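Trainee: Before I ask anything, here is the structure I am working with.
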Amino acid sequence: MDYLIGIDVGTTSTKAVIYDTEGKIFGYANKLYPLIQENADMAEEDPDVIFDATVAALKEVVGKVDGKILGVSWSTQQHSLIALDKDHKPLTNAITWADNRSEKYASAMRKDGSGLELYKRTGMPNHPMGPVYKILWLKAEHPDIYNQTRYWVGLKEYLIYRYFGQLKEEYGMASATGLFNIHTMDWDEDSLKLTGVTRDQLPELVSATYQVKGLKPEYAKEIGFDPDMPFIMGGTDGALSGIGSGAIDDGEVSVTIGTSGVVRTFIDQPQIDPKGRIYCYPVMDGKWIIGGPVNNGGIVFRWVRDNLFAPEKALAKELGEDPYDLLTKIASQVPAGSDGLIFHPFLGGERAPIWDGNARGSFFGLTRRHNRAHMVRAALEGIVYNLYTVELALKESAGEPKKVMASGGFARSPLWRQMLADIFEEPVTIAESFEAGCLGAMVIGQISLGLADDLSVAKKFVGKTNTYQPNPDTFANYREIMPIYIRLGRKLESEYSSIAEYQRKREPKK
């Protein structure tokens, strides 16, 4: 029997799934690693720790089958940056999408309008997540690193270099850097001039279906691979999760909530939002993706669990239960709208639709009648409210959705599934497919290997779906509270930078 592996290198873990050519799963591995955060704005990862995690994940799934493995296809987090020296050794950790230390450089370009112009060329919104802004920050504040840097790469490019000794970057990942022009499909001359980066400091551009070959013998032996087996470039985690959820046809909107979250849809040609609220990146020939990512998805639920429900977390552990299940049971006791308690979930700055690295979270409307159950429900609702504001921006560019499909860790919770349908006021279809990012990567692998013609094959692999209908009994609550959520957010925007600066001044010195 023949197999393919989809590997998804995420923010908190690397997951690998091994499939046969009909999409049946034969093995799964999940390897965790830490996020390095010495202050509120910092979010780094050790790229060599992640490399070791990919080796371990691949080795584990390979050990579950006996047959020919045709290839490995990548899904990888976007917007990371690693500076390499002349010997391809890291001068920095992987500076992730969640790192906000270049906020003042993104903010300056937002104020003078150059950030919007950069977005119009590159499709990457004006936000410190972008490697272009991270390079400006390093150039200004860490010139020693900037001047020693021979190559600028992202996490996927570094991993591929470790495996093959080659620097390659696929178009979708390149477009998430702010250094790539989506209209010319080449590195953007204005962005290169802005940062002082030269073309020979960047990887070679290749397609999503490009096959990298020549695996180093030591890794082939350790994992159990044929050294000639190809690694397929694949794509960004957002695009491939969309493919893996089955939302690939015109008008189908994919919503994913994992650590972060995103609302996205596929289109046939590049499209720019005049207000700069949504990204636009190529996926593969004839397919583009537009959408809006949010920083604050399941990570907010984790914060609630750890900081507001620590006793319940400990009790659940003793009982052998999932603490998240316990918290959703508690939240389900509170009516939709949380009796007027609103939570803005901006615990780590925010991307879409406000694109403000200084954004901060808040509860609004607290009274003596509210308790912790209200707070956990308000936090969950706040995550979905924010995703709904992204969908409103997406509607202006792509029109009314024909179908909303959801995936991610949240989709296991019936409460969240229903909440998404109720707040979006749309039927929400949950694909029961496992690990959408890995599945999307496998689909790209099938196309690359000639086993499939196009992305439509994903529909075959998604399998069973369940659709949640919106509950009319909650419409009045959510329709009344959503405008308050939106207006309140606009009023708070003018103070985000002030409170963020106050907090930075009082952070403990490391």
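Trainee: Considering the Cα trace of the range 14-106, what is its radius of gyration and what is Dmax, both in angstroms?
Mentor: 16.7, 53
Trainee: Now a separate question. Could you tell me what a quarter of the Cα convex hull surface of the range 379-510 works out to, in nm² with one decimal place?
Mentor: Quarter of the Cα hull surface area: 12.6 nm².
Trainee: What number, in percent, do you get for the relative contact order of the chain if the mean sequence gap of Cα pairs under 8 Å and at least 6 apart is divided by its residue count?
Mentor: Computed over the chain, the figure is 15 percent.
Trainee: Any of LYS156/LYS193; LYS139/LYS193; LYS15/LYS59; LYS31/LYS156; LYS31/LYS464; LYS68/LYS460 with alpha carbons more than 18 Å apart? Name them for me.
Mentor: Beyond 18 Å: LYS156/LYS193; LYS31/LYS464; LYS68/LYS460.
Trainee: Using Cα pairs under 8 angstrom and six or more residues apart, how large is the relative contact order of the range 168-240, in percent?
Mentor: Here the relative contact order equals 33 percent.
Trainee: DSSP H helices in the chain with Cα extent of 20 Å or more along the helix axis and mean Kyte-Doolittle hydropathy at least -1.0?
Mentor: Within the chain the helices that satisfy the rule are 47-62, 372-398, 472-505.
Trainee: Still on this structure, please answer the following. Across all directions of projection, what mean area in square nanometres is found for the Cα convex hull of the range 105-213?
Mentor: Orientation-averaged projected area of the Cα hull: 6.8 nm².
Trainee: Obtain the nm distance between the two label points defined at ASP48 and GLU495 by a simple spin-label model: each point lies 7 Å from its Cα along the Cα-to-C-beta direction.
Mentor: Between ASP48 and GLU495, the simple spin-label model gives 4.6 nm.
Trainee: Moving to a separate point now. What accessible area per residue, rounded to a whole number of Å², is obtained for the chain using a probe radius of 1.4 Å?
Mentor: Per residue, the chain has an accessible area of 39 Å².
Trainee: Okay, moving on. Rounded to whole Å, give me the distance from the Cα center of the range 488-510 to that of the range 336-404.
Mentor: Using only Cα atoms, the two centres lie 19 Å from each other.
Trainee: What does the highest-first list of 463-475, 266-278 look like by mean Cβ count within 10 Å?
Mentor: Top to bottom by mean Cβ count within 10 Å: 266-278, 463-475.
Trainee: Right, next: On a full-extension model of 0.36 nm per residue, what is the gain between LYS329 and ASN307, subtracting their alpha-carbon distance, rounded to one decimal in nm?
Mentor: Length difference between fully extended and current span is 6.2 nm.
Trainee: Where the accessible area of the chain is counted over protein heavy atoms with a 1.4 Å probe, how much of it, in %, is carbon and sulfur?
Mentor: 50 percent
Trainee: For the range 247-362, what is the largest minus smallest coordinate of the Cα atoms on each principal axis, given in angstrom and ordered from greatest to least?
Mentor: Projected onto its principal axes, the Cα set of the range 247-362 covers 52, 30, 24 Å.
Trainee: Right, something else. Where in the range 148-208 are there trypsin sites (Lys or Arg not before Pro) that are in a DSSP coil and have at most 14 other Cβ atoms within 10 angstrom of their Cβ?
Mentor: Here the trypsin sites (Lys or Arg not before Pro) that fit, given the DSSP loop and packing criteria, are ARG150.
Trainee: How would MET375, MET1, MET419 rank on accessible area, largest to smallest, probe 1.4 Å?
Mentor: MET1, MET375, MET419
Trainee: Can you give me the pair-distance distribution of the chain, C-alpha pairs, 20 Å bins, whole percents?
Mentor: Taking all Cα pairs of the chain, the binned fractions are 24, 58, 18, 0 percent.
Trainee: Now for a different question. What are the radius of gyration and Dmax of the range 206-292, computed over its Cα atoms and given in Å?
Mentor: Rg and Dmax of the range 206-292, Cα atoms, are 16.5, 51 Å.
Trainee: Can you tell me the FRET efficiency between GLN269 and LYS317 if r is taken as the Cβ-Cβ distance and R0 is 56 Å, rounded to the nearest 0.05?
Mentor: Efficiency, from the Cβ-Cβ distance: 0.65.
Trainee: For LYS24 paired with LYS460, estimate the spin-label separation in nm (one decimal), with each label point 7 Å from Cα along the Cα-to-Cβ line.
Mentor: Going by the 7 Å Cα→Cβ label model, 1.5 nm.
The values are calculated or read from the model by the stated rules, or taken from the named source; none is laboratory data. Quick caveat, the model's predicted, so the values are computed rather than measured. No Cβ is skipped: glycine too gets one built from the backbone with ideal geometry, and neighbour counts run over all protein chains shown. For the accessible areas, the whole protein counts, side chains as well, though only heavy atoms, and no ligand, DNA or RNA atoms are used. Shrake-Rupley method; radii C 1.70, N 1.55, O 1.52, S 1.80 Å.
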